[in-house]
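The values are calculated or read from the model by the stated rules, or taken from the named source; none is laboratory data. What you see is a predicted model; the values in this text were computed from it and never measured. Positions of Cβ are generated from backbone atoms using ideal geometry, with glycine treated the same way; all protein chains shown enter the neighbour counts.
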Amino acid sequence: MSYYKIGDLEQYFKHYKKSVREPRKFWGKIAEENFVWYQAWDKVFDFDMEKHDIKWFTDGKLNIVKNCIDRHLSKRGEKAALIFEPNDINEQAQVISYNELYVRVAKMANVLKSQGIEKGDRVCIYLPMIPELAIAMLACARIGAIHSVIFAGFSAEAIKTRVEDCGAKMVITSDGGFRGAKTIQLKNIVDDAIKDLSSVEKVLVVKRTNEAVQMKEGRDLWLAPLYEVAEESNVAQIMDSEDPLFILYTSGSTGKPKGMVHTTAGYMIQTAYTFNNVFDYKDDDIFWCTADLGWITGHSYILYGALLNGATTVMFEGVPSYPNPSRFWDIIDKHKVTQFYTAPTAIRSLMTEDYSYITGHDLSSLRILGSVGEPINEEAWHWFNDFVGKKRCPIVDTWWQTETGSILISPLANVTPTKPTYATLPMPGIQTVLMDELHNEITGNQVMGSLCIKFPWPSMARTIWNDHERYVQTYFSDFPGCYFTGDGALRDEVGYYRITGRTDDVVIVSGHNIGTAPIEDAINQHPAVAESAVVGYNHDIKGNGLYGFITLKVEGTTRDRENVKKEINQLITSHYGPIGKLDKIQFVEGLPKTRSGKILRRLLRSIATNRLDTFGDTSTMINPEVVQGIIDERQ
Ligand code: PRX
């Protein structure tokens with residue numbers, strides 16, 4: 001019996017049971033039957049839960065890129081692997097076959113090697129959504145270098161933190177990037193980011209916009225001349241199952257971003273498996289995930305999960321509103337997309353546009369719709385279902401995280417009956433539990449609690465780069481013995497899960513995970529600012545907006561407040577990136593605090609979201625007199 005494909009609901013329950021009762025057999029069989037290995041593993045898993053040392057497929061030897069590309073060549077060499085849709089509608093789309101992808105990745109891998117990159121070296125990639133981004137990731141994986149992609153909307157300071165933390169030897173970037181009507185000067189930003197970092201030996205520069213850039217002698221190299229002369233074949237590095245594949249940074253509720261480390265075999269198996277089942281993948285599908293490769297969704301489903309299944313995957317450089325709000329529908333029509341996987345924030349923003357932007361586009365190729373990144377509200381769900389899917393495409397509301405590597409809770413298209421706003425059922429292998437405040441498991445249905453997972457799964461992040469203690473502390477200390485997701489959830493009468501949102505100081509803005517602490521750090525650098533607290537509030541398009549409550553120093557109170565607001569957002573943009581800008585700023589006399597000096601964020605959240613009935617216990621507050629003023633002047 002094969003466990004790779006789930007055909008119907010009955011089979012789902014059967015496989016789920018098997019995965020819980022006999023996880024070794026379940027995952028072992030999937031690994032054996034669907035992937036190529038240089039050497040089989042010794043044990044399917046080996047956990048030391050004292051140290052939180054988690055290993056899957058111990059001592060197995062493989063290369064993920066061989067599984068993504070090489071093994072498909074004999075059967076699907078001429079099949080399109082990647083379809084690149086440029087930002088500019090007048091630029092031609094590129095269709096890259098598996099054969100061509102092999103050559104392009106091999107050449108890039110040889111360039112990296114020629115520049116001294118070896119197995120285990122870290123390479124940061126700061127590129128726009130162009131084929132070279134995917135190719136650079138695959139080239140790293142082919143030679144065993146650990147890629148760390150930095151989203152091309154991040155600021156110099158955000159890049160610096162990441163490059164420094166992982167000690168990258170190389171940064172791959174481009175002269176610039178096109179995004180809607182804007183051109184972004186990526187190379188300049190990188191120059192600024194790494195000027196004081198000694199680990200970076202080489203900067204490889206892709207030409208995209210023809211911006212004038214400065215090339216630092218001995219450090220900076222144009223990719224083109226090196227690529228031109230590189231060999232067209234490359235022997236893939238033999239990797240151990242647990243060798244790191246990539247590091248991807250995600251915001252925590254405090255401190256600097258966490259470099260989540262994903263390893264090779266477990267990640268490969270579970271991204272492939274979930275891609276195939278969640279999206280009911282079929283051989284001639286054209287899969288389009290609108291995320292950026294700089295986020296985990298891009299890593300796992302634009303790239304690895306799709307290629308591992310030999311699929312055709314679309315990569316879009318631009319934004320949904322450029323040159324007009326029909327761009328997404330144009331692309332679906334033009335490339336005959338079958339699966340369309342996007343984020344609620346994009347849906348909400350497209351919903352506000354005139355319906356005429358959709359009509360006139362043939363969306364009949366679509367079979368399946370997907371949503372990811374934040375809870376999808378009921379209105380957006382129905383709009384997606386009615387106007388995009390024309391009520392004939394199942395919507396898979398996929399819940400997961402950077403840390404989980406692959407989708408953990410989701411309907412399986414054409415298998416699981418969907419329910420608006422519900423992520424529904426856990427994937428086989430995922431033992432979800434809800435916990436109460438006393439850290440006990442809540443059994444039964446129609447209950448609510450903190451969402452935890454009580455058994456390791458193959459694609460989970462193994463550690464935080466250079467900080468295993470923080471990994472243990474963040475994920476395994478709240479509910480001993482369990483991985484804590486940071487999300488709250490409810491389980492309905494039939495066992496379906498609905499994610500209710502973060503329970504910590506992380507706010508999901510337009511699908512981006514933003515820790516409020518680094519935003520506050522940036523605000524506090526303003527000379528007029530005494531103190532600040534940032535919370536999320538409900539925003540029609542973005543899901544959540546950022547609301548900053550700020551106290552000014554005495555000398556700051558005489559300054560022009562509108563100017564101070566502007567300067568604060570400029571500071572955030574330069575320290576964090578534009579996605580952290582505050583939507584609302586309120587200057588207040590004082591921030592509500594507990595006796596021990598902790599800011600009562602819960603209370604500020606209630607004010608920001610206009611839920612004055614949810615204040616909860618305020619008996620520990622030391623300065624209750626500030627609250628009324630904050631309420632009276634709220635925005
Ligand atoms: O709060 C959950 C929310 O996004 C968080 C993870 O963010 P990130 O690591 O950036 O990964 C996003 C893409 C996988 C989760 O803790 N989230 C993600 N998907 C959903 C969701 N909330 C509700 N429903 C979802 N489908």
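Here are the numbers:
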quantity: Output for segment 351-378, where each listed residue is under 23 Å from the mean Cα position of the chain (by Cα) and within 22 Å of ILE286 (Cα to Cα); calculated: ILE368, LEU369, GLY370, SER371, VAL372, GLY373
quantity: Odd one out for THR503, checked against (1) more than 21 Å from TRP295 (Cβ to Cβ); (2) modelled with pLDDT of 90 or more; calculated: (2)
quantity: Positions within segment 365-419 being touching a residue at least 60 places away in the same chain (Cβ under 8 Å), more than 12 Å from the ligand (Cβ to nearest atom) and touching a Gly at 6+ places or on another chain (Cβ under 6 Å), in sequence order; calculated: none
quantity: Check on ARG502, basic (Lys, Arg), more than 14 Å from the ligand (Cβ to nearest atom) and closer than 23 Å to TRP381 by Cα; calculated: no
quantity: All positions within segment 473-482 that are touching a residue at least 60 places away in the same chain (Cβ under 8 Å) and either within 12 Å of the ligand (Cβ to nearest atom) or within 18 Å of THR443 (Cα to Cα) (or both); calculated: TYR475, GLY481
quantity: Search result, residues across segment 99-122 that are among the hydroxyl-bearing types (Ser, Thr, Tyr) and within 25 Å of the chain's Cα centre (by Cα); calculated: none
quantity: Number of positions in segment 420-430 that are among the β-branched types (Val, Ile, Thr) and either near the ligand (Cβ under 9 Å from one of its atoms) or within 26 Å of THR463 (Cα to Cα) (or both); calculated: 2
quantity: Failed item in (1) surrounded by 15 or more Cβ atoms within 10 Å (Cβ to Cβ); (2) assigned to a helix (DSSP H, G or I), with LYS25 passing the rest; calculated: (1)
quantity: Residue tally, condition crowded, with 18+ Cβ neighbours inside 10 Å and not in a helix (DSSP H, G or I), over segment 464-477; calculated: 2
quantity: Selected residue [within 30 Å of GLN570 (Cβ to Cβ), within 19 Å of the chain's Cα centre (by Cα) and of a type in the set (Ser, Thr, Tyr)] from THR503, THR516; calculated: THR516
quantity: Within segment 358-394, considering residues that are part of a helix (DSSP H, G or I) and aliphatic (A, V, I, L, M), the one farthest from THR290 (Cα to Cα); calculated: ALA380
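Here's the yes/no breakdown for (1) within 30 Å of ASP285 (Cβ to Cβ); (2) not acidic (Asp, Glu):
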position: GLU403; (1), (2): yes, no
position: LEU408; (1), (2): yes, yes
position: PRO420; (1), (2): yes, yes
position: GLU437; (1), (2): no, no
position: THR474; (1), (2): no, yes
position: PHE484; (1), (2): no, yes
